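The values are calculated or read from the model by the stated rules, or taken from the named source; none is laboratory data. Just so it is clear, the model here is predicted, and its values are computed rather than measured. So basically every Cβ, Gly included, is an ideal-geometry build from the backbone, and we count neighbours across all protein chains shown. Calculation scope for accessible area: heavy atoms of the full protein, side chains included, ligands and nucleic acids excluded. Shrake-Rupley method; radii C 1.70, N 1.55, O 1.52, S 1.80 Å.
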Amino acid sequence: MFLPAWRDTTKRQEWFKFPKDPRQREDEHPWLLLAHYVDAAVKLSDSEEGRDISAVDVYEFMLKRAKEYPLCMLVLLEMRLATIAKMMKNAERIGERGSVELFLTAVKFAMRLFAMTHKTEYMRLSCNILLWWNCASDAQRKIYSSFIFTQLTSNGVPIYHDLSVELSVKDIRQLLGNVYNKGLELAMEHACAEIPEREGQERQATKLRNKDAPSDSSTSKAFSTIPENFIKMYKRIKDMDLWAPDKPPILCRSRGSNSAVDRLEVPGRDGGVMNASILESITKIGEKRVRDYFIKNYIDVNNRPERSEKDKDHGVRLSKMSSTVKQLKVEKEQRIKQATCHTKTDIKNSMKINEIIDEYNKLRNTNTRLKLKQLPKSGMNHDGYADELSSARKKLMKMNKAWKDIIIDQINAEYNNNERSTEEDRALLLKDKLFTFPQSVTNTERYMKKINVEPVPM
């Protein structure tokens with residue numbers, strides 16, 4: 001929606017939208033967020049005859065717009081994702097040794113995104129650190145916070161422990177090479193001790209030294225001058241009327257206003273239109289996936305992640321969410337096939353072993369008249385499990401000839417609602433912790449202070 005304002009080719013836009021390195025966005029993304037907040041503040045102030053407004057006023061106004069229009073909520077959702085990344089970066093530099101609490105809060109929110117994008121390794125790592133932290137003693141937490149979470153540079157600036165190790169290795173290898181030679185251990189000790197005094201050849205390793213190089217987490221350098229791109233971003237957002245009171249947002253001037261209040265009209269990557277269920281991605285759906293994943297893999301002692309790494313989802317669906325109506329249609333057809341197929345070949349081709357076991361157990365528990373035996377958790381191959389589910393479904397079809405039609409109607413009803421988002425739906429989603437701030441924050445002078453807002457000079 002916004003990238004064409006300052007990135008004029010598809011290749012340049014793809015570089016920003018799908019970066020190979022997250023740092024590709026760091027120079028521009030903070031300015032995009034600022035442009036949104038500035039536009040919202042200016043238009044809110046103008047709508048109330050130029051009165052002074054506070055950060056809380058802007059926050060509540062943007063929530064109101066998100067409740068009214070799904071397009072505004074989609075933008076606000078993306079802004080919250082950027083905030084999670086910012087929380088992780090800031091956690092490195094708050095206080096003398098960083099803030100573990102802020103970092104873990106960001107992890108909890110980020111896990112919802114991991115659960116919606118099939119990031120199984122990140123999910124497992126996140127669960128492990130949160131579980132350990134909650135079970136750790138006060139002494140263990142103190143040791144972790146003070147000595148392990150971050151390491152200090154030569155001038156006392158905290159940086160994440162893994163980054164410190166990475167930069168140290170780069171620096172030492174640049175000096176001593178990558179091949180082992182006699183006396184290397186002593187040379188490494190000297191090289192490490194001389195880090196503060198020695199000029200590093202590795203550019204990134206300057207952070208290890210007593211230099212004034214800015215931190216990756218710092219915004220002082222980024223906001224020292226207003227770039228031309230910010231003006232372009234601001235103008236684009238302003239023209240869209242995203243944060244204009246009493247006006248519908250405009251996705252494209254040539255198409256007119258995007259006044260839809262119950263569906264998204266934003267083009268997706270496949271050329272289709274985005275489905276409204278994307279608004280529930282890291283709120284309602286993401287939170288449920290995280291909860292189910294943790295319960296199954298960390299509370300159910302018989303299903304620990306370390307038992308087997310073959311099944312990356314560990315019995316809980318973490319697949320990428322279908323973001324467009326077109327993708328949703330394909331997903332629905334696949335769901336119907338999985339839920340209703342009854343031949344051994346179709347079951348084997350469309351379902352994993354853990355999915356077959358779950359479906360079989362569901363039939364066994366909800367249809368006692370079938371008198372199904374309990375399946376072993378191991379000792380059978382894919383063919384064997386598929387054969388057992390095939391037999392069970394064939395028995396069910398003989399007992400209830402309408403079974404297949406009932407399943408299809410249930411799945412169709414579930415997916416028919418995904419293309420639309422009502423104001424009531426969005427009101428419930430906006431109560432999620434991702435969108436709300438505690439009163440301990442909003443009641444502070446920093447957020448309550450009223451200031452005069454002036455338009456951005458164009």
* To do: Quick one: accessible surface of S281, probe radius 1.4 Å, all protein chains present, in square angstrom to the nearest 10.
  => 10 Å²
* To do: Give the Debye-formula value of log10 I(q)/I(0) at each listed q (0.23, 0.25, 0.26 Å⁻¹), with one equal scatterer per alpha carbon of segment 416-458, two decimals each.
  => -0.84, -0.89, -0.91
* Asked: If you put +1 on each Lys and Arg Cβ and -1 on each Asp and Glu Cβ, how big is the dipole of segment 309-458 around its Cα centre, in Debye rounded to 20?
  -> 620 debye
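Could you tell me which trypsin sites (Lys or Arg not before Pro) in segment 362-438 are loop residues by DSSP with no more than 14 other beta carbons within 10 angstrom of their beta carbon?
Working: sites: K362, R364, R369, K371, K373, K377, R393, K394, K395, K398, K401, K404, R420, R426, K431, K433; in loops: K371, K373, K377, K401, R420, K431, K433.
Hits after loop and neighbour filter: K371, K373, K377, K401, K431, K433.
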* **Computed log₁₀ I(q)/I(0) - Debye formula, equal Cα scatterers, no solvent, segment 72-148, q 0.10 Å⁻¹** => -0.28
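Evaluate the charge dipole of the chain about its Cα centre and quote only its size in Debye, nearest 20, assuming +1 on the Cβ of each Lys and Arg and -1 on the Cβ of each Asp and Glu.
Numbers: 79 positive and 65 negative charges, 382 e Å.
Charge dipole of the chain: 1840 debye, to the nearest 20.
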* To do: Compute the relative contact order of the chain as a whole-number percentage, counting only Cα pairs closer than 8 Å that sit 6 or more residues apart in sequence.
  => 23 percent
* Asked: Can you give the relative contact order of segment 12-108 as a percent, counting alpha carbon pairs under 8 Å and 6+ residues apart?
  -> 13 percent
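Within the chain, what whole-number % of the accessible surface is contributed by carbon and sulfur, with the 1.4 Å probe and all protein chains included in the calculation?
On the way: 14010 of 26640 Å².
Looking at the chain in its full context, I get 53 percent from C and S.
Over all directions, what mean area does the Cα convex hull of the chain project, stated in square nanometres? List each step's numbers first, then the result.
Values: hull surface 117.2 nm².
Reported value for the Cα convex hull: 29.3 nm².
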* Structure fact -> Using alpha-carbon coordinates alone, the radius of gyration and Dmax of segment 4-46 in Å work out to 13.1, 41
* Asked: Cα to Cα, under 19 Å, and not fewer than 8 places away if on the same chain: which lysines meet these conditions relative to K371?
  -> K362, K394, K395, K398, K401
* Structure fact -> In the chain, whole DSSP H helices that both stretch 30 Å or further along their axis by alpha carbon positions and average at least 0.5 on the Kyte-Doolittle scale are 70-91
* Among A191, M123, G98, flag the residue with its Cα farthest along the positive direction of the charge dipole of segment 48-196, charges on Cβ as +1 for Lys/Arg and -1 for Asp/Glu. => M123
